[in-house]
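Report on the structure given below.
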Amino acid sequence: MLEVRINELAEEFGVHRNTIRNWIKAGILPAQKGPGRRYLLKWADYVALCERFGKRPRRLPETAKEEESKKSPYRLLPPSTPLYPDPSWADICLTCGACASACPISGVDGLDPRKVVRMAALGMDEELINSDWAWKCSLCAKCEESCPMKVEIVQLICRIRSLRPRDKIPGPLVRGITTCLEKGNNLGIPKEDFLALLKYLARELAEECPGFEVPIDVHGARLLVTINSKEPFAEPESLKYWWKIFYAVKESWTISSEYWEGVNWGFFSGNEEAMRAIVGRLVDNLHRLNCEALLLPESGHAYLATRLVLEQWFPEALNKFKIYSVFDLLMEYLNKGLLVLDAKRHPGLTTYHDSCNYGRRSLKILGRGYFEEGRIITQLCCPDFVDMQPNRNGNYCCGAGGGAWSSPYKAERIFHGRIKARQIKETQAKRVIVTCHQCRDQIKFFLNKEYELGVEVKYLWELVADSLVFDPS
Ligand code: SF4
Ligand code: SF4
């Protein structure tokens, strides 16, 4: 056991003292009250916290020091290797291979999570950093879910990514981040073009929703809404799904004319500074526009990345502003009786795809996974419903997560999705509901074609918008 003080931990992890207290209260950090103002923390829990924040443990308990002194002289462990954070860590791997069996891309180009763990334990950092494995992995955490020893495989892969020289990162991730930092969004869409497009789309929607206007920079609006730059760039019509919902429920909302990008590619490339800068701009917008809440409707990674950055660097903002996932907001509207949905507009068998980031990874990292909400909403619109097997925490990735959608490894990504395709086929559903842009594009455009699925693929909010019963007035 370690004896720790709240303020020491806060300083060590760069968060506010109240954040540490909240973690303890919520059980995210399982510490018990100790003598004086100290808390007692198990060594393994302390290491897990360090893992989560990508930090090397500063402390060594007596037992760990003893273990260190008993190390075999034959041990191949360079103590300073950045991929080897703790003496007890990789040694807990049983080499059982459960992770390799669960990983949908295991075996492709020699990628195998068990091998990655062993190589890290043996100090083969250069080989891991120079290989493309970390970039072919979708960070889906299916391997971790299967691991009997709870080895932090995804954290390890993220660390491998973060150590890759920036000019050697495959695909457009670095370019997207640079453009976002310089121009405010990943695709560098100029402000005038963006605003002109929003106004044009708003005029179109006003034909169906009389009086509709897109609220830009509205001070005092309740909800600030972020946007995935892919939408104005390639699929502007899809912006109207949320707008129609806001119109029907009479939401007070706004879009910022600057720094509206909700996507955060720093999360995929291990660039913490970029993650922090992108989320910091959202926080600035919340303050500037005096909003109460933030909606992140882009995808699971955007939600998870923003929550993590807020917890670590902007705890005061997390206390002040409500952060909505798409599920939180739609369920709030339903529970308040604001949404009326027609269950007859989407006949035919429908299934639901669990996003890894909203589900399995949110459950592990934030202590809450969104599994039931999406199913409840889907079934209100599509009563003829069937689940894929396995589902929820055990669901298979579509293959496009973790930045794989933007990577140059298209063939591997489509191969990765073959298990998802099989799951969909086995349900015999004619429609798949998704909650993430990458999942939607991978299933709709690639798995559909490659595996001849013939399914309609809809966002959850698109389904809701198309099922809305409201009186345009
Ligand atoms: S499942 Fe866990 S214990 Fe088994 S080989 Fe993989 S990392 Fe090691
Ligand atoms: S693709 Fe998924 S299962 Fe495979 S190593 Fe990456 S996180 Fe683990």
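Before moving on, here are some points about what is shown:
- Residue check for L286: aliphatic (A, V, I, L, M), in contact with a Ser or Thr (Cβ under 7 Å, 6 or more places away or on another chain) and either under 30 Å from K55 (Cβ atoms) or in a loop (DSSP other than H, G, I, E, B) (or both): no
- Selected residue (only one of A31, A26, A48 is surrounded by fewer than 17 Cβ atoms within 10 Å (Cβ to Cβ) and either among the small types (G, A, S) or modelled with pLDDT of 75 or more (or both)): A26
- Residue check, P87 modelled with pLDDT under 90, on the phi < 0 side of the Ramachandran plot and more than 10 Å from ligand 1 (Cβ to nearest atom): yes
- Residues in the stretch 271-308 that are of a type in the set (D, E, K, R) and at pLDDT below 90: E272, E273, E298.
- If you filter the stretch 90-124 down to residues that are under 18 Å from Y409 (Cβ atoms) and touching a residue at least 40 places away in the same chain (Cβ under 8 Å), you find that the one that is farthest from ligand 2 (Cβ to nearest atom) is D109.
- Residue match in the stretch 382-401 (condition: out of contact with any helix residue (DSSP H, G or I) (no Cβ under 6 Å at 6 or more places or on another chain), touching a residue at least 40 places away in the same chain (Cβ under 8 Å) and among the charged types (D, E, K, R)): yes
- Criterion: out of contact with any strand residue (DSSP E or B) (no Cβ under 6 Å at 6 or more places or on another chain) and in contact (Cβ under 8 Å) with a residue 12 or more places away in the chain - qualifying residue of R360, R440, R431: R360
- For the stretch 142-204, the helices (runs of 4 or more DSSP H) that sit wholly inside it and include 1 or more residues that are surrounded by 16 or more Cβ atoms within 10 Å (Cβ to Cβ), in contact (Cβ under 8 Å) with a residue 60 or more places away in the chain and more than 16 Å from ligand 1 (Cβ to nearest atom) are 153-162, 173-183.
- Filtered residues of the stretch 347-383 (kept if in contact with a Leu (Cβ under 9 Å, 6 or more places away or on another chain) and part of a loop (DSSP other than H, G, I, E, B)): C356, G369, Y370, F371, C382
- Within the stretch 140-172, the set of residues being away from ligand 2 (no atom under 15 Å from the Cβ), closer than 17 Å to N130 by Cα and not small (G, A, S) comprises L163, R164, P165, R166, D167, K168, I169, P170.
- Taken over the stretch 318-341, residues that are assigned to a helix (DSSP H, G or I) and not acidic (D, E) amount to 11.
- Residue pairs meeting the criteria (Cβ under 9 Å; at least 6 apart or on separate chains; first closer than 17 Å to L468 by Cβ, in the stretch 321-346; second crowded, with 19+ Cβ neighbours inside 10 Å and basic (K, R)): H346/R431; H346/K458
- Taken together, the residues in the stretch 124-141 that are buried (at least 20 other Cβ atoms within 10 Å of the Cβ) and in a helix (DSSP H, G or I) amount to 5.
The values are calculated or read from the model by the stated rules, or taken from the named source; none is laboratory data. Keep in mind it's a predicted model, so treat the numbers as computed, not measured. Counting neighbours? That spans all protein chains shown, and the Cβs are built from the backbone with ideal geometry, glycine included.
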